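The values are calculated or read from the model by the stated rules, or taken from the named source; none is laboratory data. Since we're looking at a predicted model, the values are computed, not measured. Please note: Cβ atoms are built from the backbone with ideal geometry, for glycine as well, and neighbour counts cover all protein chains shown. These area figures cover heavy atoms from the full protein model, side chains too; ligands, DNA and RNA do not enter into them. Shrake-Rupley method; radii C 1.70, N 1.55, O 1.52, S 1.80 Å.
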Amino acid sequence: MTRGGGVTRDRILVEASRLFAERGYHGTSTRDIADKVGMRQPSIYSHFATKHLILAALLDADLVPARARIRAALDLPGPVAARLHAYLQVDVAAILSLPYDVRGLYNDDVLRAPELAEQARRRAEIHDLTRELIEAGIHDGELVAFDTGFVQHAITGLLLEVVRERGAAPSAAPAARALDVADFVLRAVLSEAGTLDDVRAKAGALVPDITALAG
């Protein structure tokens, strides 16, 4: 989180995320957010001109680095299975470490709003790039030949379950849970299940690279 002049902005984002999780986006007003932060409603507008911009900032805190992570996994050399495992480790750990409550953010109805078109586009791009990585693994014979769209949706479903399980606060042990999730996915998609230990070892060497490239 930011320091100095960004402290109030961060508090707005934290409280807004909690309210969106509890009441939904449409059920939360800027007055509700201002009350939680302990400020007058008009003061919010010096930080965010509209409620949509609050949600956009929360979504971008997840989507922008997530897109960089999947791009890094695609660009790095090495076995696809190891790159997929490493990407999942970094991505899940990042979700578990976010300072915001992410449970109320990914509402398909809200993401259809024109004001959030850029965020919807970023999410769709992440899904497309994930399918591209899976397709590369199938092409190389590392992953089982299966409908890539189904696998991508299954991974998204697992990420949403991670969000639900995490709850309102950041996880105390994000790396351990992230490794569990990455193992779970690779057990399901590896063409040779017995290679998981080797995949995990190679993925461990790639995790710092994906983290660094994603910024």
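Here are some notes:
- Long-range amide H partners of TYR100 with built H, under 5 Å: none
- Difference of contour (0.36 nm per residue) and Cα-Cα distance, HIS139 to ARG187: 15.5 nm
- Förster radius 22 Å - calculated FRET efficiency between ALA113 and GLU165 (Cβ-Cβ, nearest 0.05): 0.20
- Heavy-atom surface analysis with a 1.4 Å probe gives the chain a carbon and sulfur content of 55 percent of its accessible area.
- Reduced Cα scattering model of the chain, Debye log10 I(q)/I(0), q = 0.13, 0.18 Å⁻¹: -0.75, -1.24
- Between the helical axis of 80-97 and the longest alpha-carbon principal axis of the chain there is an angle of about 20 degrees.
- Principal-axis tilt of helix 196-214 within the chain, Cα atoms, nearest 10 degrees: 40
- Report note on the peptides 124-134, 193-203: ranked by the mean count of other C-beta atoms within 10 Å, highest first, their order is 124-134, 193-203.
- In order through the range 163-170: 3J(HN,Hα) via Karplus (6.51 cos²θ - 1.76 cosθ + 1.60), integer Hz, x for Gly, Pro: 4, 5, 5, 4, x, 7, 10, x
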